[in-house]
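Chemist: Before I ask anything, let me first share the structure, which is written out below as structure tokens.
Bear in mind these aren't lab numbers, they're just calculated from the coordinates by the rules spelled out. Worth saying up front: this structure is predicted, and the values here are computed from it rather than measured. When we count neighbours, we look across all protein chains shown, and the Cβ atoms used for this are built from the backbone with ideal geometry, even at glycine.
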Amino acid sequence: MPVLTLRPYHADAMIHDLLIDNAHIVTPTGMVRGALLVHDGRVVSVLAGGPVPEAREVVDAQGRHLLPGVVDIHVHFREPGQEYKATYTSESAAAAVGGVTSICDMPNNGAQAVVSAARLVAKAAVAARSSRVDFGLYTYLVGDTIEQLRDLRDAGAIGFKWDMSLAGTEVAPGVWLPTAAIALPAFKAAAALGMTIGIHAEDRPTISRQASALKAAGRSDAAAHLASRPAAVEVTALREAIALARASGVHLHVHHLSSAAGLDLIRAAKHEGLWVTSETIPPFLFLDSGDYERLGTVMKIHPAVKEPEDRAALWEGLRDGSIECIATDHAPHTAAEKRRGVWEASPGAIGVQTSLMLMLTEVNRGRLSLERCVALMAANPAGIHGLSPRKGAIVAGADADLVLVNLAESAVIRNQDMLTPNQLTPFDGAPVRGVPKRTWLRGRLIARDGLPVGEAAGRQLWRDSGAITCPLPPGNG
Ligand SMILES: [Zn+2]
């Protein structure tokens, strides 16, 4: 497998670009009190005390915490194809302000759905013009053969998305997503290429049945959304996907895991030695069925936010390592689309601007350590997509993607502070403690005190830049 070669550090070479002094720096080997030296977009070294070298720009961190930038591997930035909802300009600004420096964007771009190498290249061109953060792009899982999937990989696919809630449907004219019954050749082809299949684990037939019955019974309350998509919907889909992972050996990544029963299946799959990873998202960690009445369709997302027991189980999954990462499934819609009735409202909530603040609040409450938070939000997601060690960690040679946070600062999340066009967040009014103050992408400041800074300079992330390191493939650990 290809391994990234890191540039060696030449101590005597030059005046460096940036020195961030007087920081608590979270590195993979622990917290270091000292300075971080950056040159040419990369981390040169972490200095624990002693004299500091010269730099063109010196930032006094005033004892605050310096973390690797968040790697959010599940977002929907909508452009091209659905610019009326959001654009790379708006969403990448929100991400930068939230401490996010890398994203992976999903392929459901309406009429521009990413179902071919040409569509992928066109989307990459749009993002390269206006993204403030680095971006990886998913394609749909379309194609049965190694040749077809290799074309997508070579055009820049970071992974293949199999949305099981759309299995058997046309995602673009003449392009169908496979059902589980016919997906094995695609799984085998992805495995042969060393590529990840990312799944939305909800069973389409079960959803249709449940929704029809609820509509017939006259249900129109927001909680009917959960009733139409209970945990059984996730379990049915996960069973099918895990069976395909077993038969193919593919690396299966489960997006937005939402239920205790689903987590049990993932634990069992890992125990069996299958190559299965998962993410969960803040709505599943901070909301539950008790919030539907208050929030209505603002919290309508797919999968549905579930019960308090599911929420508790997901926290336990983060604690024991069964769930490797936190993403957001950031999915903006217009206010009009969100404010329809429960069956018609568009599913999805915004999240890139608030995920780090929400998690740092839990760090402050003692629910998880800062180091664990960094693993879940930066190191592990980077490893899952083969982006380590360039992304997700503060180590010599890595990209200087950094976020300086004030763990002692309190704030309140408010709709009006959101930078996405429709500012409805399910966390409006939530008190947080732990606020991102400055964000750097490859050594360039991209956000400061809640506002984006500088020019858009995001670059595409390519899967072939490194091997999957979280977790290592079975047999290599
Ligand atoms: Zn999504």
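Chemist: Under a 5 Å amide H to amide H cut-off, with H placed in plane at 1.01 Å, what residues pair with residue 330 once short-range neighbours are removed?
Modeler: Sorted by chain and number, the residues that satisfy this are 76.
Chemist: If you don't mind, there's one more thing I want to ask. Given 0.36 nm per residue, what is the gain on full extension from residue 344 to residue 409 after removing their alpha carbon distance, in nm?
Modeler: Working it through step by step, the gained length comes to 19.5 nm.
Chemist: Still on this structure, I have one more. Taking the beta-carbon count within 10 Å as an exposure proxy, list 439, 145, 469 from fewest neighbours to most.
Modeler: Numbers: 439 29, 145 13, 469 21.
Ascending Cβ contact count within 10 Å gives the list 145, 469, 439.
Chemist: A follow-up question, please. I need the calculated FRET efficiency for the pair residue 369 and residue 312, taking r as the beta carbon distance and R₀ as 25 Å, to the nearest 0.05.
Modeler: With a Förster radius of 25 Å, E is 0.85.
Chemist: Charges only on Cβ, +1 for Lys and Arg, -1 for Asp and Glu: so what's the dipole of the chain about the Cα centre, in debye to the nearest 20?
Modeler: Once rounded to the nearest 20, the dipole reads 200 debye.
Chemist: Please work out how much length the chain gains when fully extended from residue 267 to residue 84, using 0.36 nm per residue of separation minus the C-alpha to C-alpha distance, in nm with one decimal.
Modeler: Computed gain between residue 267 and residue 84 is 61.9 nm.
Chemist: Please report, to one decimal in angstroms, the Kirkwood hydrodynamic radius of the chain built from all distinct Cα-Cα pairs.
Modeler: 22.4 Å
Chemist: Sorting 470, 373 on the 10 Å Cβ count, fewest up front, what's the list?
Modeler: 470, 373
Chemist: Next question, about the same structure. Across the range 190-205, in residue order, what do the Karplus-derived ³J(HN,Hα) couplings come to in whole Hz, using 6.51 cos²θ - 1.76 cosθ + 1.60 with θ = phi - 60° and x for Gly and Pro?
Modeler: 5, 4, 4, 8, x, 9, 8, 9, x, 10, 9, 8, 9, 7, 4, x
Chemist: Continuing with the same structure: Using θ = phi - 60° and the Karplus relation 6.51 cos²θ - 1.76 cosθ + 1.60, list the HN-Hα couplings for the range 43-49 in order, rounded to whole Hz, with x at every Gly or Pro.
Modeler: Result, rounded to whole Hz: 6, 8, 6, 9, 10, 9, x.
Chemist: If the only charges are +1 at each Lys and Arg Cβ and -1 at each Asp and Glu Cβ, what is the size of the charge dipole of the range 193-318 around the Cα centre, to the nearest 20 debye?
Modeler: The dipole of the range 193-318 has a size of about 360 debye.
Chemist: Rounded to the nearest 500 deg cm²/dmol, what is the calculated helix-only ellipticity per residue at 222 nm for the chain, with -39500 (n - 2.57) per DSSP H run of length n ≥ 4? Write out the running numbers ahead of the final one.
Modeler: On the way: 15 runs with 136 residues, N = 477.
Value at 222 nm, helices only: -8000 deg cm²/dmol.
Chemist: Now a separate question. Quick one: Karplus J couplings for the range 90-101, per residue in order, coefficients 6.51, -1.76, 1.60, θ = phi - 60°, nearest Hz, x for Gly and Pro?
Modeler: 6, 6, 6, 5, 4, 4, 4, 5, x, x, 8, 10
Chemist: What order do you get for 329-337, 428-436 when each peptide is scored by the mean count of other beta carbon atoms within 10 Å, highest first?
Modeler: Ranking, from highest mean packing down: 329-337, 428-436.
Chemist: Here's something else I'd like to know. I need 340, 64, 267 ordered by Cβ neighbour count within 10 Å, fewest first.
Modeler: 340, 267, 64
Chemist: Using alpha-carbon positions, what is the distance between the centroids of the range 377-454 and the range 109-141, in Å?
Modeler: Centre-to-centre distance over Cα atoms comes out at 22 Å.
Chemist: Give the long-range amide H neighbours of residue 323: residues separated by 5 or more places, or on another chain, with amide H under 5 Å away, using H modelled in the peptide plane at 1.01 Å from N.
Modeler: Amide H neighbours of residue 323: 318.
Chemist: Using the Kirkwood formula over every pair of different C-alpha atoms, what hydrodynamic radius in Å results for the range 350-445?
Modeler: Result for the range 350-445, one decimal place: 14.4 Å.
Chemist: OK, next. List the residues whose amide H sits under 5 Å from the amide H of residue 277, counting only those 5 or more places along or on another chain, with H placed 1.01 Å from N in the peptide plane.
Modeler: Distant-sequence amide H within range of residue 277: 252, 253, 254.
Chemist: Please go through the residue pairs 270/338; 85/270; 85/188; 215/270; 85/437 and name each one whose alpha carbons sit more than 32 Å apart in this structure.
Modeler: Where the Cα-Cα span goes over 32 Å, the pairs concerned are 270/338; 85/270; 85/188; 215/270.
Chemist: Related question: Residue 147 to residue 247: FRET efficiency via 1/(1 + (r/R0)^6), r the Cβ-Cβ distance, R0 25 Å, to the nearest 0.05? Don't skip to the answer; put the middle values down first.
Modeler: Numbers: r = 21 Å, r/R0 = 0.83.
The value I calculate is 0.75.
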